[in-house]
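This report concerns only the one structure given below.
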Amino acid sequence: MKYTPQSLAKQFCLGAYVNTVDASLWRETFEYLAKRKDDTVFDKSAIAALWAQYGGDLRAKIKQDALVLAVLKRALPGYHGDSRTLYRGESWFLFDHDQIGFCWTASEDIATTYAKGLNAVDSGGVLLKCYAPAEAILAMQDNVFICDPARLLRLSTLGLFPKL
């Protein structure tokens with residue numbers, strides 16, 4: 001199937017991830033979504049589930065965190081819980097370039113697994129800890145806290161792991 005930004009946006013709004021399209025089309029789609037005035041098109045729970053599973057892949061394709069954040073702020077259901085201490089296993093490259101990801105966990109063990117594993121493949125990994133005020137959390141899905149990285153406080157490094 002040949003997608004346009006509008007048809008791909010419709011899939012995203014329903015919570016469907018299409019991984020067979022190239023990065024430039026995803027970028028155009030997010031630009032289109034950021035300009036839409038109607039937030040009722042977003043199935044917010046379905047998009048939270050999509051982002052918890054495929055957000056890293058989408059973020060890597062789009063390569064514009066400000067654009068991604070603009071869409072996520074509108075497309076996610078929000079969070080109505082308490083502030084939390086959260087952890088993330090990040091790649092050293094992204095951490096070093098101040099490009100910390102959106103998905104965090106309350107489990108230090110899960111974050112350590114990512115810091116030592118998947119996120120250590122290209123450049124090594126780093127285990128991060130932060131305090132997330134409730135307003136920094138955009139949604140929670142299956143114990144994944146989707147956050148605005150710029151609003152996280154007291155970011156600290158708990159461990160560094162070698163490149164795999």
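Residues that are among the aliphatic types (A, V, I, L, M) and at pLDDT 95 or above: list the strands (runs of 3 or more DSSP E) wholly contained in region 39-156 that include at least 3 such residues. Let's see the steps before the verdict.
On the way: elements: 84-91, 103-105, 125-132, 137-141, 144-147.
Answer list for region 39-156: 125-132, 137-141.
Checking the condition polar (S, T, N, Q) and surrounded by fewer than 15 Cβ atoms within 10 Å (Cβ to Cβ), which residue from ASN119, ASN143 passes?
Values: ASN119 fails: surrounded by fewer than 15 Cβ atoms within 10 Å (Cβ to Cβ).
Going through ASN119, ASN143 in turn, the sole match is ASN143.
Of all the residues that make up region 5-20, how many are touching a residue at least 12 places away in the same chain (Cβ under 8 Å) and of a type in the set (Ser, Thr, Tyr)?
1
So which residues in region 5-21 are touching a helix residue (DSSP H, G or I) at 6+ places or on another chain (Cβ under 8 Å) and not in a helix (DSSP H, G or I), if there are any at all?
Of everything in region 5-21, those that are touching a helix residue (DSSP H, G or I) at 6+ places or on another chain (Cβ under 8 Å) and not in a helix (DSSP H, G or I) turn out to be LEU14, GLY15, ALA16, TYR17, VAL18, ASN19, VAL21.
Among the residues that make up region 91-104, is at least one of them in the same structural domain as LEU152 (by TED's automatic domain parsing), surrounded by 13 or more Cβ atoms within 10 Å (Cβ to Cβ), under 17 Å from the mean Cα position of the chain (by Cα) and of a type in the set (D, E, K, R)?
no
Taking the conditions exactly as written (free of Cβ contacts under 8 Å to residues at least 60 places away in the same chain, touching a Leu at 6+ places or on another chain (Cβ under 7 Å) and under 25 Å from LEU118 (Cα atoms)), does ILE62 satisfy them or not?
Numbers: free of Cβ contacts under 8 Å to residues at least 60 places away in the same chain: yes; touching a Leu at 6+ places or on another chain (Cβ under 7 Å): no; under 25 Å from LEU118 (Cα atoms): yes.
Here the answer is no, as ILE62 does not meet what is asked.
For region 69-88, how many residues are in contact with a Leu (Cβ under 6 Å, 6 or more places away or on another chain) and without any contact (Cβ under 8 Å) to a residue 60 or more places away in the chain?
Let us first name the residues in region 69-88 that are in contact with a Leu (Cβ under 6 Å, 6 or more places away or on another chain), namely 71-72, 76, 88.
Then drop every residue that is not without any contact (Cβ under 8 Å) to a residue 60 or more places away in the chain, which leaves 71, 88.
Of the residues in region 69-88, 2 are in contact with a Leu (Cβ under 6 Å, 6 or more places away or on another chain) and without any contact (Cβ under 8 Å) to a residue 60 or more places away in the chain.
From the set of residues in region 1-27 that are charged (D, E, K, R) and either surrounded by fewer than 17 Cβ atoms within 10 Å (Cβ to Cβ) or not assigned by TED's automatic domain parsing to the domain that holds ALA70 (or both), which is nearest to LYS61 (Cα to Cα)?
Keep residues of region 1-27 that are charged (D, E, K, R), which gives 2, 10, 22, 27.
Within this subset, residues satisfying the condition of being either surrounded by fewer than 17 Cβ atoms within 10 Å (Cβ to Cβ) or not assigned by TED's automatic domain parsing to the domain that holds ALA70 (or both) are 2, 10, 22.
Values: LYS2: 18, LYS10: 18, ASP22: 8 Å.
Step by step, filter region 1-27, then rank; the result is ASP22.
Has region 2-19 got any residue that is in contact with a Ser or Thr (Cβ under 7 Å, 6 or more places away or on another chain) and under 20 Å from ALA132 (Cα atoms)?
Step one: list which residues in region 2-19 are in contact with a Ser or Thr (Cβ under 7 Å, 6 or more places away or on another chain), which gives 5, 8-9, 12.
Okay, now just the ones that are also under 20 Å from ALA132 (Cα atoms), so none.
Checked region 2-19: no residue is in contact with a Ser or Thr (Cβ under 7 Å, 6 or more places away or on another chain) and under 20 Å from ALA132 (Cα atoms).
The values are calculated or read from the model by the stated rules, or taken from the named source; none is laboratory data. Computed from a prediction, not measured in an experiment: that's the story for all the values here. Virtual Cβ from ideal backbone geometry, glycine too; neighbours counted across all protein chains shown.
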